[in-house]
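*Asks:* What follows is a structure written as structure tokens; I'll ask about it next.
The values are calculated or read from the model by the stated rules, or taken from the named source; none is laboratory data. Here the structure is a predicted model, which means the values were calculated and not measured. In this analysis, Cβ positions are derived from the backbone assuming ideal geometry, glycine residues included, and neighbour counts consider all displayed protein chains.
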Amino acid sequence: MAVPEHLQRHSTRSAIDALAARFNLPNHPGMQDWEWEVADPARLDEFIRAYEGGGLSEDERFTLMETIIQSFEDGDQAPERDPRWAHVLGLLDRNVGLHGHSIWYWSAPEATAAGETFRVSLTMRDVLMKHRERIGW
């Protein structure tokens with residue numbers, strides 16, 4: 001999915017290294033999309049607490065949010081059935097400047113068929129629509 005240029009943001013090597021050390025996660029050169037590969041629905045509470053707990057750089061918060069979203073995507077139940085998902089949507093809503101890239105990407109706003117979206121897309125689109133002008137859509 002093509003994220004508009006003005007929203008482009010990517011995980012940094014330093015953020016990945018810091019989060020890998022903090023959470024004792026694998027981190028080797030062959031990992032292409034680290035933040036998605038290490039996602040783990042069983043660790044969602046831990047990830048969310050760390051995101052909210054302070055002490056993370058903006059790059060670390062951006063990268064950790066990608067891991068959180070992917071963890072919901074990988075979960076056994078629809079994200080909207082988990083009360084933590086509403087909480088995470090609130091975090092995105094309050095931090096739209098930091099997470100514009102993620103909001104756009106996971107909303108899959110250009111997708112027209114159900115098979116082209118993510119499990120989190122429908123509810124993520126609510127955040128996108130709320131911040132439509134700020135995000136530039």
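*Asks:* Taking Leu122 as the residue in question, decide whether it is hydrophobic (A, V, I, L, M, F, W, C), assigned to a loop (DSSP other than H, G, I, E, B) and either exposed (fewer than 14 other Cβ atoms within 10 Å of the Cβ) or more than 13 Å from the chain's Cα centre (by Cα) (or both).
*Replies:* So Leu122 does not fit the description; no.
*Asks:* Related question: Take the residues in region 43-85 that are in contact with a Pro (Cβ under 9 Å, 6 or more places away or on another chain) and small (Gly, Ala, Ser); name whichever of them is surrounded by the most Cβ atoms within 10 Å (Cβ to Cβ).
*Replies:* That would be Ser71.
*Asks:* Here's something else I'd like to know. Which of the helices (runs of 4 or more DSSP H) found entirely inside region 3-113 contain at least 3 residues meeting this: without any contact (Cβ under 8 Å) to a residue 12 or more places away in the chain?
*Replies:* Because the criterion is at least 3 residues that are without any contact (Cβ under 8 Å) to a residue 12 or more places away in the chain, the helices (runs of 4 or more DSSP H) in region 3-113 that meet it are 13-23, 83-94.
*Asks:* Considering (1) of a type outside the set (Lys, Arg); (2) more than 23 Å from Trp137 (Cα to Cα); (3) at pLDDT 95 or above, say which one Val88 fails and leave the rest.
*Replies:* Exception for Val88: condition (2).
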